[in-house]
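Here's the structure we're looking at; comments come further down.
The values are calculated or read from the model by the stated rules, or taken from the named source; none is laboratory data. Being a predicted model, the structure only gives us computed values, none of them experimental. Here Cβ is always computed from backbone atoms with ideal geometry, including for glycine, and neighbour counts include all displayed protein chains.
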Amino acid sequence: MLIRDDELEKCTALKNDLLICEGGEAGRAAVWESDLEVCFQNHIHRARFYGAINPYYAYRFFEKLNATGEINRYRKGVGISNMSSKSLAYIVLPLPPLTEQHRIVAKVDQLMSLCDALEAKLTKSQAKAEKLAAAAVQGLVAA
């Protein structure tokens, strides 16, 4: 995709930039973690934080907005939703001190790891239950 030189800076992500989907799953976000710069197309919003803002705190905040459905207040459109930069600017990000942001991110990461482990155990248990049920049905059919 051709990007004019005067557009290059606004279409470039640097390490720790928060990238936010404008359309489709409007509001879905991710932190750019690579040391390499990347150019992106125009349907992504970029938030570059300066000072005492942890990008992973902002990312987790957007996950919360998506999980609770609060993000829908900022989306527009029928079918495929979108979120303009104007709508994005209306999202209020509660901002505790940086040390508290780090603590919140660490705690959420820890809890998400527990959720992932529980989900894996549940999936494994369900697979075993299905195997056991299939074996029981096979045993009954054979009898």
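Just a few scattered comments:
- Qualifying positions in segment 22-33 - touching a strand residue (DSSP E or B) at 6+ places or on another chain (Cβ under 7 Å) and either in a loop (DSSP other than H, G, I, E, B) or modelled with pLDDT of 90 or more (or both): Glu22, Ala26, Gly27, Arg28, Ala29, Ala30, Val31, Trp32
- Residue in segment 98-119 that is assigned to a loop (DSSP other than H, G, I, E, B), hydrophobic (A, V, I, L, M, F, W, C) and farther than 30 Å from His45 by Cα present: no
- The residues of segment 91-103 that are closer than 23 Å to Arg28 by Cβ and without any contact (Cβ under 8 Å) to a residue 24 or more places away in the chain amount to a single one, Val92.
- Among the residues of segment 71-97, the one identified as assigned to a loop (DSSP other than H, G, I, E, B) and of a type in the set (Lys, Arg) is Arg75.
- Taken over segment 40-69, the criterion of being of a type in the set (Val, Ile, Thr) and part of a loop (DSSP other than H, G, I, E, B) is satisfied by Ile53 alone.
- Pairs, first closer than 19 Å to Lys86 by Cα in segment 15-35, second at pLDDT below 90 and hydroxyl-bearing (Ser, Thr, Tyr), C-beta under 6 Å, six or more apart: Ala26/Ser81
- If you go through segment 1-18 and keep only what is farther than 16 Å from Leu36 by Cβ and surrounded by 13 or more Cβ atoms within 10 Å (Cβ to Cβ), you end up with Ile3, Leu18.
- Across segment 50-69, the number of residues qualifying as modelled with pLDDT of 90 or more and either under 30 Å from Leu8 (Cβ atoms) or surrounded by 14 or more Cβ atoms within 10 Å (Cβ to Cβ) (or both) comes to 13.
- On inspection, Val141 qualifies as loosely packed, with under 10 Cβ neighbours inside 10 Å and in a helix (DSSP H, G or I).
- For Leu88, the test of being surrounded by 10 or more Cβ atoms within 10 Å (Cβ to Cβ) and either assigned by TED's automatic domain parsing to the domain that holds Phe49 or free of Cβ contacts under 8 Å to residues at least 40 places away in the same chain (or both) is passed.
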